[in-house]
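The values are calculated or read from the model by the stated rules, or taken from the named source; none is laboratory data. Fair warning: this is a prediction, and the values are worked out from it, not measured in the lab. Counting neighbours? That spans all protein chains shown, and the Cβs are built from the backbone with ideal geometry, glycine included.
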Amino acid sequence: MEVGNRYVSLKKYINGEPCESDLEIKTATLSLEPRKGSGDVIVKNLYLSIDPYQLNRMKLYNSSQSALSTSRRLALGQVIDAPGVGEVMVSDDAEYKKGDWVADFIGWQEYSVIHGGETMRKIETKEFPLSYHAGILGFSGFTAYVGFHHICKPKKGDRVFVSEAAGSVGSLVGQYAKLAGCYTVGCA
């Protein structure tokens, strides 16, 4: 079975604030049958985390270019990727079956094909809203928690300065700092 998979791509690199004309919605045909032996999992995307770091990825030049896919410049016309949550539609990976909820890097699109699933994780609990797994219980939350509690290791009364307090990670670090009894200053 095939479906029309609508997705958002970058039409031109931005200079300053992004605007609607910088992006475009395209449609590509997607087979809902993974290749046998591929380990591919096809998910229907439910939630995306659209974070401030993605703005740098939309610029032709920026200071944060690296080998990491999360900071690499986006290619014009290609699907924009982001952390998100989806429901498994079909799977060629024995660990995942139809109806499972998973979190991983997915696209700004209706369906994503996740190859190999090395960073994909199954969402086993229904204790929290599903959308939380795209943010506080996802990559941003993990980064903030580990960075603050395991690297920074603050004590009550410490002074904490959060340089990107408006971002998905920085906003959480600011909250963790306040909860830990730290004098907290955020810059956005």
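Data for the structure
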| read-out | value |
| --- | --- |
| Subset of region 146-176 (residues that are within 15 Å of I136 (Cα to Cα) and either more than 22 Å from the chain's Cα centre (by Cα) or polar (S, T, N, Q) (or both)) | S168, S171, Q175 |
| So K178, is it in a helix (DSSP H, G or I) and out of contact with any helix residue (DSSP H, G or I) (no Cβ under 9 Å at 6 or more places or on another chain) | yes |
| Members of region 100-135 found to be β-branched (V, I, T) and either farther than 20 Å from G167 by Cα or not assigned by TED's automatic domain parsing to the domain that holds S38 (or both), listed by number | V102, V113, I114, T119, I123, T125 |
| Cβ-Cβ under 8 Å pairs, at least 6 apart or on other chains, region 23-38 side surrounded by 12 or more Cβ atoms within 10 Å (Cβ to Cβ), far side part of a loop (DSSP other than H, G, I, E, B) and at pLDDT 90 or above | L23/K11; E24/K11; K26/G77; P34/D40; P34/D92; S38/D92 |
| Residue within region 64-71 that is exposed (fewer than 12 other Cβ atoms within 10 Å of the Cβ), at pLDDT 90 or above, farther than 24 Å from K97 by Cα and not charged (D, E, K, R) present | no |
| Selection within region 1-57 - farther than 29 Å from A166 by Cβ and hydroxyl-bearing (S, T, Y) | T27, T29, S31, S38 |
| Residue satisfying all of: in region 136-147; touching a helix residue (DSSP H, G or I) at 6+ places or on another chain (Cβ under 9 Å) and not small (G, A, S); surrounded by the most Cβ atoms within 10 Å (Cβ to Cβ) among these | F139 |
| Among (1) outside the structural domain of E164 (by TED's automatic domain parsing); (2) over 18 Å from L48 (Cβ atoms); (3) of a type in the set (S, T, Y) - the single one Y145 does not satisfy | (1) |
| Leading residue by the ranking (surrounded by the most Cβ atoms within 10 Å (Cβ to Cβ)) among those in region 124-135 that are assigned to a loop (DSSP other than H, G, I, E, B) and of a type outside the set (A, V, I, L, M, F, W, C) | G135 |
| Contacts under 9 angstrom Cβ, first residue in region 135-156 being within 25 Å of K122 (Cβ to Cβ), partner in a loop (DSSP other than H, G, I, E, B) and among the aromatic types (F, W, Y), 6 or more apart | I136/F128; L137/F128 |
| Residues of region 148-162 that turn out to be out of contact with any helix residue (DSSP H, G or I) (no Cβ under 7 Å at 6 or more places or on another chain) and either under 18 Å from P52 (Cα atoms) or surrounded by 15 or more Cβ atoms within 10 Å (Cβ to Cβ) (or both), as a count | 1 |
| Single residue of K97, K36 found to be over 17 Å from E118 (Cα atoms), among the charged types (D, E, K, R), over 20 Å from the mean Cα position of the chain (by Cα) and outside the structural domain of E164 (by TED's automatic domain parsing) | K36 |
| Looking only at region 85-123, and only at residues there that are of a type in the set (V, I, T) and not in a loop (DSSP other than H, G, I, E, B), the one that is surrounded by the fewest Cβ atoms within 10 Å (Cβ to Cβ) | V90 |
